[in-house]
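These notes are about the structure you will find just below.
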Amino acid sequence: MYSEKVLDHFSNPRNVGELEGANAIGQVGNSKCGDIMKMYMKIDENDIITDVTFKTFGCGAAVATSSMATEMVKGKSIEEALTLTNKAVAEALDGLPPEKLHCSVLAEEAIKSAIADYYKRQGKDPGKLGLCDGNCENCCSHNK
C-alpha cells in the first residue's frame, strides 16, 4: 500500500518539532479533516529558507508528506518553495494511495501558509501575492 519512502519518512521523520526563532509559521487543516499540519521556517534577508520544521497531527501519510516537503524546501528561495506542488511531494515519496493524496495537498498548503505568514510579518499582503494564510473556516472543503 505505501512505498518504502513513505514508510521511511513516517518512521523516521525529518525536521520534526517546533523551530525556535521561526519567522514564518503556517498551519493548515482542522479536526474535521483529521489532519493538522504546522510548518515553522527561518527565512533569511535574501528570502532563503535556512531551516524548516513541522508538527503534524494525522495519519502516517500526513507525517510522511510533511517530512518530505520540509526536505524539499530547505535551502530554497521563497520563489522556489512556492513552486512546490502536492504532485511533486507525492512523486518524491514514490506515490501515495489515492485516498491519501489530500495529505500532499496539505503539505503544499502548509508551506504556502508559512510563507504567507512571513509576508505578513514583512508588512506585505499575502492575498495580493495569491497566497492563502491557511485560516479559512471550511479548511479541506476545497480538497474534496
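Tabulated data for the structure shown
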read-out: Members of segment 90-127 that are under 18 Å from Pro13 (Cβ atoms) and either hydroxyl-bearing (Ser, Thr, Tyr) or within 10 Å of the chain's Cα centre (by Cα) (or both); value: Cys103, Ser104, Leu106, Ala107, Glu108, Ala110, Ile111, Ala114
read-out: Matching entry among Lys42, Lys76, Lys55 (being in contact with an Asp or Glu (Cβ under 6 Å, 6 or more places away or on another chain), without any contact (Cβ under 8 Å) to a residue 40 or more places away in the chain and not polar (S, T, N, Q)); value: Lys42
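Each reported figure results from applying straightforward, stated rules to the coordinates on display, with no laboratory input. This one's a predicted model, so the numbers in the text were calculated from it and none came from an experiment. Counting neighbours? That spans all protein chains shown, and the Cβs are built from the backbone with ideal geometry, glycine included.
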